[in-house]
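First comes the structure, then the notes that go with it.
The values are calculated or read from the model by the stated rules, or taken from the named source; none is laboratory data. Everything numeric here is computed off the predicted structure, so don't read it as measured data. When we count neighbours, we look across all protein chains shown, and the Cβ atoms used for this are built from the backbone with ideal geometry, even at glycine.
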Amino acid sequence: MSEIKKAACHFCHMNCGMLATVENGAVTKVVGDPEHPFNAGAQCPRGASALDHLNHPNRINYPLKRVGERGSGQFKRVSWEEALDDIAARLTVLKEQHGAETIATTGGTNRTDDFARRRFFNLLGSPNVVHTAPVCWIPTFLTEASSYGWCASEPEIAGAKCIVFWGHNPGSSYLPEMRGLLAAKANGAKIIVVDPNFTESASKADIWLPLKPGSDNALGLAWLNVIINEGLCDYDFVYNWTEGFEELSDRVQEYTPEWAAEKTGLSPELIIETARMYAMSKPACIVWGVAADQLGRGSAASAQTRVALRIICGNLDVPGGDVMPGPHPTFITDWEMELNDMLPEEQRAKQLGSDRFKLNSWPGYKLLTENMLRVWGKSIPAEWFCEANPSSLFRAMATGDPYPVKACITLANNPLVSYANSKLVYEGLKNLDFYVVMEYWMTPSAMLADYVLPAAGWLERPVMTTTYGVSDWLIASEKAIEPMYERKSDTDFWAELGHRMGQGEYWPWKSDEEIFKYRIDPIGLEVDSYEEFVQCYRMHFAERDYRKFETRGVATASGKIELKISLFEQLGYDPLPHYVEPPFSAEAKPELAKEYPVTLVAGGGFMPFFHSEHREITRIRLLRPYPRVAINPALAQKMNIQEGEWVWIETPIGKVKQTAFITTAVAPNVIQAERGWWFPEKEMKAPSLMGVFESNINVCVDDDPDTLDELCGSFCSRGVMCRISKVEGND
Ligand SMILES: Nc1nc2c(c(=O)[nH]1)N[C@H]1C(S)=C(S)[C@@H](COP(=O)(O)OP(=O)(O)OC[C@H]3O[C@@H](n4cnc5c(=O)[nH]c(N)nc54)[C@H](O)[C@@H]3O)O[C@H]1N2
Ligand SMILES: Nc1nc2c(c(=O)[nH]1)N[C@H]1C(S)=C(S)[C@@H](COP(=O)(O)OP(=O)(O)OC[C@H]3O[C@@H](n4cnc5c(=O)[nH]c(N)nc54)[C@H](O)[C@@H]3O)O[C@H]1N2
Ligand code: SF4
Ligand SMILES: [Mo]
């Protein structure tokens, strides 16, 4: 018997609709769903490899327990009962002896266990939940939320007259979104791309602004200067709805286009022309990418400029502008599922890094939540928005300062590759008393674990996505088959561990489907089961409302849209847009400029990979067998480097090698290295750990606390000082 199941690809954030054919309990075919609005039947190479992922011989299919030394690669198969009983017993002892805060967790990007991890940790009593939040979206979101009470995360580019893609390249990182860009362009919208490199998206732009890596803050300030001084603001909007315009006007006077030209490498004329283009096209959108969150110190300050631009030009929450969704009104959101109130105040205070990086942790979250509850009746989830700082966590693991971290559960994350300063992360993980990883594969990080647990993939479990829990829409998919072998869904893992640790009453559901049904019920669609919801509706969009600041008010302390952000002031930060020197510029570190004369961009999504994933899948790997670093022909010639040759990339903290890709897409003094590299085919034990220190660019990316964003603790991967040299002989 053959059946078609409505699945959703979870190999990137687009969650394209997929149709999975199931025959006799096995998935035999996966194709793009022609009726799905996101992908309209298309599949990228990752989506097309769904069956390879499902059936791959390297997949972890049973719980594994370490039997040799940590990192020796020796594991034995155990039952789930044995693994969960032992994990629960060990965590209970650690909590009793050292306190719940000594147990931490790390997670990956936009996965499926969203609320469950946080619920478990709140009930456990530990505030030390970590994701790559500080470098992925969160500084911008939280700056926006502080200024106008939510994030304007839904740019309506179809109706916009001008669209600014700011450090964002859908041409590599959100393929289906590229259709929107092309359609908007065909519709006559002007496209501005702010990116040091000539990307797929830049190739479609009316104006490409190739600024120096890390100089976004200066460009934003100069745009504000031009728009304010040329009187191009939406004054009705500014006077009726905002606070702080006078102070903003005074503040930006010093940031002239000439001043910014020196910082950005762009001409003053181009800065002025593009500022006018953005301000004079109404409505307009700023679609931002995570480049702007990865500037290190100054990431949130750079977000402040984009926030102010959107406000003074009247593009906030208007049709064709940057729409602010707010929470879904009836669906039970992640925030409602997390049980944040269960985490005692004294445990919140122990959140690592929250004394210094206050916006993305309990101090900021508490204030934001108070404001949001007043206007929306719901807050943003603590997951991603209220976290321990990753660098503080790994330092605490490695050094015991301010207190030792004894145990960690890593789920859907490859810390050795994803966070800055991989060698420090390694020291930290090696130092743990107890480490648990739930994974598809034996990754370098999983090699260090005491238990490695088998995770079910998107064909084996239902998925419901609400964009980190903050969109007013949701998309849902059903599982095609039951999990193969002994794989489990991530949520099942948290629930089953919770049951063993005295949390039973808080985990009343028996399956992911039951949880999702419980959460969609208040929408009132009258479906008998979650599967019926997926078959009949598959997604739900709350009714779209614009200019909600008029009807609902604004979730800030003043009740106004704040150009001068009072919440920043409350936390002790500068409330107005201002300049922060990038942490690795020649001005910031003149002593290093001579030795490390090249600027490294250590990031940017690229096809066919998603972060550190898919290196095992042959037909994907064949598309890009080795890591590549983009080098301008002039620099390559100077360094005597030929196309395809191995090249050392070196910063003061580390050295890795990648192969040369010689291209004029990068400027002569800039290189762009790929991220996420390790080699599943290499030796599966320490110290090699599948070559994780050979080409993984985060070996070279620093996380010195003084270089991190002051508000959110983001590390800098865009604009790092480095030097390159040809790899000689058998180096
Ligand atoms: N230098 C530099 N560093 C960066 C970035 C950069 O641009 N430059 N980008 C940053 C960004 S934006 C992000 S989001 C992070 C990404 O960081 P991660 O999320 O850690 O990256 P991935 O490699 O996608 O995922 C890690 C692991 O999760 C496993 N996995 C995937 N899905 C699931 C699942 O559903 N359940 C379970 N149990 N396991 C799963 C995968 O097999 C993989 O081994 O990296 C950040 N790090
Ligand atoms: N193929 C693929 N797709 C992905 C991912 C992946 O790993 N691979 N990861 C997913 C995730 S978790 C995320 S967060 C998104 C991220 O996707 P995006 O938001 O598009 O961000 P990035 O791809 O990291 O970087 C975007 C652009 O920033 C440019 N850039 C580098 N330095 C600077 C700078 O200093 N200023 C400016 N303005 N631009 C700069 C790079 O050249 C790059 O083109 O992609 C998602 N999609
Ligand atoms: S773009 Fe590719 S990886 Fe992303 S959801 Fe669609 S098919 Fe999957
Ligand atoms: Mo991300």
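Those strands (runs of 3 or more DSSP E) of segment 1-101 in which at least 3 residues are within 16 Å of ligand 3 (Cβ to nearest atom), considering only elements entirely within it, cover 2-8, 17-23, 26-32. Scanning segment 592-607 for residues that are away from ligand 1 (no atom under 13 Å from the Cβ) and of a type outside the set (Asp, Glu) yields LEU592, ALA593, LYS594, TYR596, PRO597, VAL598, THR599, MET607.
A count restricted to segment 692-703 and to residues that are touching a residue at least 40 places away in the same chain (Cβ under 8 Å) and part of a loop (DSSP other than H, G, I, E, B) stands at 8.
Residue-wise test of (1) touching a residue at least 60 places away in the same chain (Cβ under 8 Å); (2) farther than 24 Å from ASP709 by Cα; (3) in contact with a helix residue (DSSP H, G or I) (Cβ under 7 Å, 6 or more places away or on another chain); (4) not hydrophobic (A, V, I, L, M, F, W, C).
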| residue | (1), (2), (3), (4) |
| --- | --- |
| ILE523 | yes, yes, no, no |
| GLU532 | no, yes, no, yes |
| ARG544 | yes, yes, no, yes |
| ILE561 | yes, no, yes, no |
| HIS578 | yes, no, yes, yes |
| GLU595 | yes, yes, no, yes |
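Please work out if LEU54 is in contact with a helix residue (DSSP H, G or I) (Cβ under 9 Å, 6 or more places away or on another chain) and of a type outside the set (Phe, Trp, Tyr). Judged against the criteria, LEU54 is not a match. Of the residues that make up segment 165-187, is at least one surrounded by 17 or more Cβ atoms within 10 Å (Cβ to Cβ), touching a residue at least 12 places away in the same chain (Cβ under 8 Å) and basic (Lys, Arg)? Among the residues of segment 165-187, not one is surrounded by 17 or more Cβ atoms within 10 Å (Cβ to Cβ), touching a residue at least 12 places away in the same chain (Cβ under 8 Å) and basic (Lys, Arg), which makes the answer no.
One residue stands out in segment 697-731 among those that are surrounded by fewer than 24 Cβ atoms within 10 Å (Cβ to Cβ) and closer than 27 Å to PHE568 by Cβ: the one that is farthest from ligand 3 (Cβ to nearest atom), namely ASP706.
Restricting attention to segment 1-54, the residues being among the basic types (Lys, Arg) and under 24 Å from the mean Cα position of the chain (by Cα) number 1. Residue-level check: of (1) over 28 Å from the mean Cα position of the chain (by Cα); (2) modelled with pLDDT of 95 or more, GLY73 misses just (2).
Every residue in segment 191-240 that is of a type outside the set (Ser, Thr, Tyr), in a loop (DSSP other than H, G, I, E, B) and within 16 Å of ligand 1 (Cβ to nearest atom), please.
ASP195, PRO196, ASN197, PRO213, GLY214
A residue that is surrounded by 24 or more Cβ atoms within 10 Å (Cβ to Cβ) and farther than 18 Å from VAL290 by Cβ can be found somewhere in segment 195-218. Checking each residue in segment 53-91 for being surrounded by 15 or more Cβ atoms within 10 Å (Cβ to Cβ) and among the charged types (D, E, K, R) picks out ARG59, LYS65, ARG66, ARG70, ASP86, ARG90. Residues in segment 496-511 that are in contact (Cβ under 8 Å) with a residue 60 or more places away in the chain and part of a helix (DSSP H, G or I): GLU496, LEU497, GLY498, ARG500, TYR506.
Does any residue of segment 530-537 turn out to be among the charged types (D, E, K, R) and not assigned by TED's automatic domain parsing to the domain that holds CYS233? Among the residues of segment 530-537, at least one is among the charged types (D, E, K, R) and not assigned by TED's automatic domain parsing to the domain that holds CYS233, which makes the answer yes.
Evaluate the following for LEU123: is it touching a residue at least 12 places away in the same chain (Cβ under 8 Å), in a helix (DSSP H, G or I) and within 16 Å of ligand 4 (Cβ to nearest atom)? The answer is no for LEU123.
The set of residues in segment 108-120 that are within 16 Å of ligand 2 (Cβ to nearest atom) and part of a helix (DSSP H, G or I) contains only ASP114. Exactly one residue among VAL580, VAL601 is within 16 Å of ligand 4 (Cβ to nearest atom), over 26 Å from TYR440 (Cα atoms) and under 25 Å from the mean Cα position of the chain (by Cα), and that residue is VAL601. Of the strands (runs of 3 or more DSSP E) that lie entirely inside segment 443-495, those containing 2 or more residues that are within 12 Å of ligand 1 (Cβ to nearest atom) and more than 16 Å from ALA8 (Cα to Cα) span 451-454.
Looking at segment 376-394, can you tell me whether even one residue there is of a type in the set (D, E, K, R) and surrounded by 24 or more Cβ atoms within 10 Å (Cβ to Cβ)? Yes, because at least one residue in segment 376-394 is of a type in the set (D, E, K, R) and surrounded by 24 or more Cβ atoms within 10 Å (Cβ to Cβ). Scanning segment 527-554 for residues that are more than 16 Å from ALA476 (Cα to Cα), of a type outside the set (S, T, N, Q) and surrounded by fewer than 18 Cβ atoms within 10 Å (Cβ to Cβ) yields GLU543, ARG544, ASP545, TYR546, ARG547, GLU550, ARG552, GLY553. Looking at the structure I just gave you, is PRO627 touching a helix residue (DSSP H, G or I) at 6+ places or on another chain (Cβ under 7 Å) and in contact (Cβ under 8 Å) with a residue 24 or more places away in the chain? The answer is no for PRO627.
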